[in-house]
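Working notes, structure below.
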């Protein structure tokens, strides 16, 4: 659900007809004994059906994939809960699952995703160590929650339980991730914001908001509570029922004291709350901060001393893939990590899992601004060509290593998930 | 043979409607009831006969508080729309003289309905917000020292938006019944020495009751089933029954939502039955 915006690719009627024909052709390829590589797809078009949570379901990627590989991508975006359900209940309806790691934790044990042989992944060695060992730098501390490396590997091709370390069998290739924090209106807060606890400052009474998506909202609440020194969690990403109770009761009290102005559910709501000045500090996603700024309103994605709440997603292979379809899927994934997509995602403010190859597809200035945290030399453009930042601007939170090196907790699924959701509903009703 | 055919005729005539109702109304409700007894987890629903869903719905203080909150909205919105709706209909029916003018004015009432529900609702946000039209005007005029917070993201905002959205549903049926009131009754009352307010109270109001009852059914069912207005206008701070159901559905807890829907359905049917007991709407139809 993180950073969900409605994007659907390839659903126009014309495209549908085209992809339908391509699917038929793809099936013909799949049934024939055709081996050999890249050029084959251009002659015998193949279609891969990808579904996922929408962040990386971008039209531009589907177009470029068609251009480079001749593979037609049929993309469907859903919200995270529907994605989890679809992954499990309709395993034949997709070829590639584009899902977040915490969803994978629920989905993989049901056997609908097949592990990948890392020797077939051209760029495996270049994938950032965060997804292999949990440490971005050798001295980093492993964050709480569903850290991607804990669900990244299995022992063998038929295994459905996660392995403790690197094994050569990858559950998903990481593609996109980011570090989330609080967004603020620097012109309206009137003081320096340094901690998650600042959202509970009585000075901001009635001017704060948090996200009303239980699995993410509870994490933001946990970051806030821990920062206030009210509680120390064993694992913020997997709370005990007592910890859930304490967190929810804290939230209910804050709500009844009038600390919150609103609870937002969709991207645009958070943008409107911030740009209208109803709220001066709130949970936010990085594209929403960019959207507020693009209206000429000051908005900062404020780095906080307790660290970031992070999320990550990747591509998994459906269990039913075999033969030519499987080859095509591997080739698609190798293309995905070969740089063009990485550069595209980096330029949107997300991070690519293969930084080395992405660098080749970014200008020196873009690399400096987005990844190294250096001041921009000239205009920084969004992928659609609009000016996002002008010369001299510095990215909030600084460089890639500064931001991803300070992850306190990953989005996660709790063992007490159902109980947590029920209590969260009580908070909203209270 | 002829006798048999003539006895069967009404049944044959009723068959198409009966089939449509059975397929599109009874069957879905039946499914809803069946599913409400099923078990579920994140991956799917499992046929079962368990009452846990109902225990969770009825045993939680959240449900009771949410129902109470929804009923409060229903009562407030009903009272305001009935009052406003009655006077608008009264004006249209008794003060506007020509039928043409009546129809023109009535159509003007419906103009806002040419835009979407959501747009009419969201339009309130820039009006009521902290830096919105009302607050800016009040602050600049020196009437209040700082913006009034409770204008937006509050129960006030929810009720205001609902009244705006639903008043026409009250105006239309009341106007309709008022148009059928025999004008000679009003003249007779006046000849008998009744004052204006006595005519309204003793003649028009009792005769307009069926219209008010139909309007009430519209407004009450609309408010009870609403989720978007409550979500948007309260900024997610307030809960409604339908919103609770939507939350459950977005988490794929369909059986729990079905149990909730059954409870809501029963409650609304009881309310409608109550209204029908008080006012015989068929008398006027």
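The values are calculated or read from the model by the stated rules, or taken from the named source; none is laboratory data. This structure is a prediction, so every number in the text was calculated from the model and none was measured. We place every Cβ from the backbone using ideal geometry, glycine too, and count neighbours over all the protein chains shown.
Annotations
- Residue match in the range A:349-361 (condition: away from chain B (no Cβ under 14 Å), touching a strand residue (DSSP E or B) at 6+ places or on another chain (Cβ under 8 Å), more than 30 Å from residue A:68 (Cα to Cα) and assigned to a helix (DSSP H, G or I)): no
- Boolean, residue A:332 is more than 18 Å from the chain's Cα centre (by Cα) and at pLDDT 90 or above: yes
- Restricting attention to the range A:122-152, the residues being farther than 21 Å from residue A:415 by Cβ and either modelled with pLDDT of 90 or more or touching a helix residue (DSSP H, G or I) at 6+ places or on another chain (Cβ under 9 Å) (or both) number 17.
- Filter result for residue A:70 (at positive phi and within 14 Å of chain B (Cβ to nearest Cβ)): no
- Cβ separations smaller than 6 Å between residues 6+ apart or across chains give the following pairs from the range B:148-163 residues that are more than 11 Å from chain A (Cβ to nearest Cβ) to residues that are part of a loop (DSSP other than H, G, I, E, B): B:158/B:234.
- Residue match in the range A:74-82 (condition: within 14 Å of another protein chain (Cβ to nearest Cβ) and touching a strand residue (DSSP E or B) at 6+ places or on another chain (Cβ under 7 Å)): yes
- Residue within the range B:14-26 that is in contact with a strand residue (DSSP E or B) (Cβ under 9 Å, 6 or more places away or on another chain), surrounded by 11 or more Cβ atoms within 10 Å (Cβ to Cβ) and either assigned to a helix (DSSP H, G or I) or without any contact (Cβ under 8 Å) to a residue 40 or more places away in the chain (or both) present: no
- Residue in the range B:29-52 that is more than 10 Å from residue B:255 (Cβ to Cβ), free of Cβ contacts under 8 Å to residues at least 12 places away in the same chain, touching a helix residue (DSSP H, G or I) at 6+ places or on another chain (Cβ under 6 Å) and not in a helix (DSSP H, G or I) present: yes
- Helices (runs of 4 or more DSSP H) fully within the range B:126-230 counting 1 or more residues that are closer than 23 Å to residue B:112 by Cα: B:133-140, B:155-179, B:205-225
Yes or no, residue by residue, for (1) buried (at least 17 other Cβ atoms within 10 Å of the Cβ); (2) in the same structural domain as residue A:220 (by TED's automatic domain parsing):
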site	(1), (2)
A:250	yes, yes
A:268	no, yes
A:285	yes, yes
A:299	yes, yes
A:317	yes, no
A:324	yes, no
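- Residues of the range A:393-411 satisfying the condition of being assigned to a loop (DSSP other than H, G, I, E, B) and either farther than 30 Å from residue B:240 by Cβ or over 23 Å from the mean Cα position of the chain (by Cα) (or both): A:393, A:394, A:395, A:396, A:397, A:398, A:399, A:405, A:406
- With respect to being under 24 Å from the mean Cα position of the chain (by Cα), away from chain A (no Cβ under 14 Å), surrounded by 14 or more Cβ atoms within 10 Å (Cβ to Cβ) and over 30 Å from residue A:262 (Cβ atoms), residue B:89 fits the description.
- Residue within the range B:231-243 that is assigned to a helix (DSSP H, G or I), more than 14 Å from chain A (Cβ to nearest Cβ), out of contact with any strand residue (DSSP E or B) (no Cβ under 8 Å at 6 or more places or on another chain) and surrounded by 17 or more Cβ atoms within 10 Å (Cβ to Cβ) present: no
- Qualifying residue in the range A:214-234 (condition: in contact with a helix residue (DSSP H, G or I) (Cβ under 6 Å, 6 or more places away or on another chain) and within 11 Å of chain B (Cβ to nearest Cβ)): yes
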